[in-house]
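Colleague: Take a look at the following structure, please.
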Amino acid sequence: MTIVVAYADTPPGHAAVAAAVTESREGETVVIVPAVRGERVPDVGELAAGWPGLAGRVEVERGDLGDPSDTVIQVSQRLDARLIVLGLRTRTPVGKLVFGSTAQRILLDATCPVLAVKPAVAAT
Amino acid sequence: MTEAAFSALASLADPSLLIMLAVGVVAGLVIGLIPGLGGTGAVAILLPITFGMDPEPALAMLIGALAVVHTSDTVAAVLLGAPGSASASVTMLDGYSMARQGQAKRALSLAFLSSMAGGLIGAVGLTLAIPLARPLVLSFGSPELFMLTILGVSLAAVLSRGNVVKGLTAGLLGLLLGLVGTSPTTAEERFSFGSLFLSDGISLVAVALGVFGLAEIASRVGQRRVTEKPVELSGGWGSGIREWITHWTHVIRGALIGIWAGVLPGVGATAGTWLAYGQAVATAKDKRKFGKGDPRGIVGPESANNSVEAGDLIPTFLFGIPGGVPSAMLLGMLLTYGIQPGPAIVTDHLDLMYLIVWAFAIASVAGAFLCFLATGSLAKLTKVPFAVLGPGLLVVMLLGAFQEGGQLGDLWVMVALGVAGFFLKATGMPRAPFLIGFVLAIPMERYYYLTASLYDGASWVARPGVLAFAALLVAPVLWSLVKRLRRASGSVDDGHRDEHASADEDADELEGSLARTPWSLGVAVAAVLLFAGALWVSGSFSDEAQLMPRLVALGGLAAAGVLTWQEIRARRRGAARGGDRAVDAPAGSSGATMLATRVEPRLDARALARRHDLMVGARTFAAMAVFLVLVMVGGYLAATLVFTPLFLLYAARTRPRTAIIYTLVLGAVLLALPSLLPVDLPMGLLQ
């Protein structure tokens with residue numbers, strides 16, 4: 001089984017990876033999907049250096065689609081993932097209204113359970 | 001209403017119109033097959049041929065071509081993985097994967113049928129738009145039309161992809177170029193520098209063919225060749241046809257998105273197609289197969305890219321505001337016939353409107369049918385390298401620009417604008433607002449003076465139509481602000497719904513390849529200097545003639561100034577980042593070193609490719625200049641006979657036999673043209 005992480009190089013994104021590490025079972029693959037358009041794709045070595053628990057069982061998948069939320073869903077469906085982990089940041093309802101939300105679209109469209117985590121309060 | 005529609009259909013029974021329509025369809029299909037020429041190329045190449053024809057056959061031919069270009073451009077995308085036009089790169093995602101799984105015929109039949117349906121729905125949209133918009137259009141006075149022209153330019157600037165400031169700068173540059181010539185209100189010459197030739201204004205065909213046509217040739221001649229072998233045409237047509245019927249909702253949705261994208265100025269086939277793909281993905285429950293051969297990824301976008309061209313025509317004919325580049329050229333063509341698009345066309349030329357609708361619908365069906373029949377043999381055309389087509393296209397395009405005014409000066413202007421277009425393209429400046437600005441400059445000024453003299457003071461501003469347009473004008477500005485804010489706060493949950501932004505880049509190698517280099521800074525500075533010069537020169541005009549140039553130059557100065565500042569800031573930040581990396585690399589963590597070693601060679605390769613592109617561009621433009629000199633000396637035919645073999649042998653490196661046959665055929669065509677069509681060849685000094 002696999003766990004898919006909607007990754008971003010931000011505190012919520014890091015929190016998501018950390019949550020995926022603790023959630024994953026022994027030997028389970030963790031697939032990192034970059035979920036911010038135009039951001040640099042992290043490489044496996046870098047991720048294993050940041051989260052030693054991931055070493056040897058982390059993969060990076062970019063998907064074939066332009067929209068980040070569609071990409072996350074697509075990868076999770078292709079790999080038949082057990083769980084999607086994504087990081088949320090604090091937002092007011094008005095901010096949500098104006099900016100739209102990748103997270104919301106993942107939550108609504110996902111065909112497997114989704115774990116939404118927030119970074120520790122001090123980190124934001 | 002309906003009588004007009006059916007009498008237009010009856011007029012299409014006229015064999016000469018049908019022949020022109022058929023010629024247009026075949027030409028459009030062939031142009032679509034050739035990678036790199038889309039709807040813009042189709043109109044650009046056929047437009048010159050129509051000079052001297054009556055408006056009806058001319059329109060039948062151009063509309064016929066425009067309607068089917070996006071039907072056949074799929075062939076190269078599916079079989080070769082090299083899109084026939086930028087908008088077919090979307091179909092490539094799923095179509096090429098499907099073809100590699102041995103289902104090329106399934107992919108192609110899905111695409112052809114969707115294209116046909118898209119074209120038909122587009123034609124229906126165009127038909128419905130006429131009665132819906134008619135009362136609205138007829139209620140417009142000059143204040144509304146003035147606002148519409150402003151709206152046209154600014155929407156094109158804001159909505160074309162990339163940086164808004166770049167779009168505005170390009171739009172204002174186009175407006176400035178459009179003001180060259182005699183002022184419509186005071187009959188004094190502006191920016192003509194005493195030249196009789198410039199006092200006529202610059203010909204639209206020269207601008208369009210230069211900025212788009214020649215720039216395209218120059219950037220494609222050096223294109224790395226497609227080395228991949230085409231996928232075999234396998235699988236059955238039947239399965240695709242059956243499957244297509246089950247996806248009919250996607251066809252209709254795609255077509256509606258296409259029409260909408262077409263109506264908006266500056267949003268062309270490419271963006272519309274990506275939008276359709278995005279919505280197909282977003283609304284699908286099972287996204288697993290997208291990008292790996294999902295039929296829904298072919299059906300929606302293919303239907304959208306045909307209906308975009310019909311949508312483009314709606315604002316073009318009803319309001320006189322071109323929705324895209326091909327329709328800007330059509331608008332220019334109508335103007336040369338003395339047909340003023342806008343309210344007048346609805347009252348005086350309704351039959352022409354319906355002729356266009358019918359031509360579009362018939363061409364869509366015929367185009368799809370021909371594609372089914374001939375794909376097997378026509379697919380070979382997609383393998384012809386662009387360098388071989390270059391000289392033929394060049395000769396045809398230059399001949400076309402000569403037809404409008406019969407002056408060699410137009411050709412020099414065209415080559416100069418070709419150079420400008422090349423740099424605009426390479427530095428990622430959108431060229432659609434440039435052309436739309438150029439076309440709308442004079443109408444904008446005329447409507448303004450009509451408004452100012454018909455209404456006292458600013459009372460026209462309070463007209464409801466004007467207020468509505470002003471509101472529309474503010475909306476895109478707000479939208480672009482929101483977009484910028486979104487980009488600034490990039491994080492996991494920022495939903496960018498615009499599909500085309502990132503995926504477009506790999507569709508075209510040159511597009512934006514010079515962005516963030518000294519060249520793009522140079523383009524920005526050149527724009528500043530141009531606007532400053534225009535401001536200075538316009539000081540000598542009379543008050544009435546001064547207003548528009550002044551406003552355009554001031555606005556342009558501001559936009560180009562901001563652009564320069566952005567470029568400088570980006571360069572400084574880039575330099576700082578480069579410095580950091582150099583410090584980091586020896587000592588830093590494993591990640592940083594890996595990054596540093598991985599990035600550098602790629603940068604080098606990009607710089608090399610950039611230099612290669614620039615060299616090829618420079619050589620091609622030099623060749624064009626040499627050709628023009630030859631024309632001045634020896635006339636068009638002699639120049640072609642000398643230039644074509646030299647270019648083919650040295651630039652395209654073809655075999656001598658090909659070069660000789662090519663030259664002879666081209667020469668024979670040039671010799672035969674004046675007797676077949678009302679075309680004049682430029683004469684040289686020695687003739």
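Computed from the coordinates by the stated procedures, all read-outs in this text should not be read as laboratory data. Fair warning: this is a prediction, and the values are worked out from it, not measured in the lab. Here the Cβ is made from the backbone with ideal geometry for all residues, glycine too, and neighbour counts use every protein chain on show.
Colleague: What average number of partner chain Cβ atoms lie no more than 10 Å from the Cβ of the residues making up A:58-70?
Modeller: So the per-residue partner count for this stretch is 6.
Colleague: Nearest 500 deg cm²/dmol is fine: what mean residue ellipticity at 222 nm does chain B get from its DSSP H runs of n ≥ 4 alone, each adding -39,500 (n - 2.57), divided by its residue count?
Modeller: -25000 deg cm²/dmol
Colleague: If you don't mind, another one. About the Cα centre of chain A, how large is the charge dipole given +1 on each Lys and Arg Cβ and -1 on each Asp and Glu Cβ? Please answer in debye to the nearest 20.
Modeller: About 460 debye.
Colleague: Something else now. If we count other beta carbons within 10 Å of each Cβ, what is the order of B:Glu144, B:Glu302, B:Glu216, fewest first?
Modeller: B:Glu144, B:Glu216, B:Glu302
Colleague: While we're here: For B:Glu567, B:Glu544, what's the fewest-to-most ordering of other Cβ within 10 Å of each Cβ?
Modeller: By the 10 Å Cβ count, ascending: B:Glu544, B:Glu567.
Colleague: How would you classify the stretch B:248-397 from its alpha-carbon gyration tensor, with a ≥ b ≥ c the square roots of the eigenvalues: rounded for a/c under 1.5, else prolate if a/b is greater than b/c, otherwise oblate?
Modeller: Since a/c reaches 1.5 but b/c is at least a/b, the shape of the stretch B:248-397 is classed as oblate.
Colleague: In the stretch B:605-687, what trypsin sites (Lys or Arg not before Pro) fall in a loop by DSSP, with at most 15 other Cβ atoms inside 10 Å?
Modeller: B:Arg653
Colleague: Also, quick follow-up: Below 12 angstrom from the Cβ of B:Gly52, what's the summed charge of the other residues (Lys, Arg +1; Asp, Glu -1)?
Modeller: Once positives and negatives cancel, what remains is -3.
Colleague: Another question, if that's okay. Below 8 Å between Cα atoms, with a sequence gap of 6+, how large is the relative contact order for chain B in percent?
Modeller: Relative contact order here is 21 percent.
Colleague: Note the full-extension length gain between B:Leu473 and B:Leu676 as 0.36 nm times their separation in residues minus their Cα-Cα distance, in nm to one decimal.
Modeller: Taking B:Leu473 through B:Leu676 to full extension adds about 68.3 nm, to one decimal.
Colleague: Of all DSSP beta bridges in the protein assembly as shown, what percent run antiparallel (nearest 5)?
Modeller: The antiparallel fraction comes to roughly 10 percent.
Colleague: How big is the Cα convex hull of the protein assembly as shown in projection, averaged over all directions, in nm²?
Modeller: So the mean shadow area of the Cα hull is 36.3 nm².
Colleague: Order these peptides, B:179-186, B:665-672, by their mean beta-carbon neighbour count within 10 angstrom, highest first.
Modeller: B:179-186, B:665-672
Colleague: A further question on this structure: 7 Å from Cα along Cα→Cβ at both B:Leu196 and B:Lys380: what's the point-to-point distance in nm?
Modeller: Between B:Leu196 and B:Lys380, the simple spin-label model gives 5.2 nm.
Colleague: Calculate the translational D of the stretch A:2-123 in whole µm² s⁻¹ from Stokes-Einstein, where the hydrodynamic radius comes from the Kirkwood formula applied to all Cα pairs, the temperature is 37 °C and the viscosity 0.692 mPa s.
Modeller: Estimated via Stokes-Einstein, D reaches 228 µm²/s.
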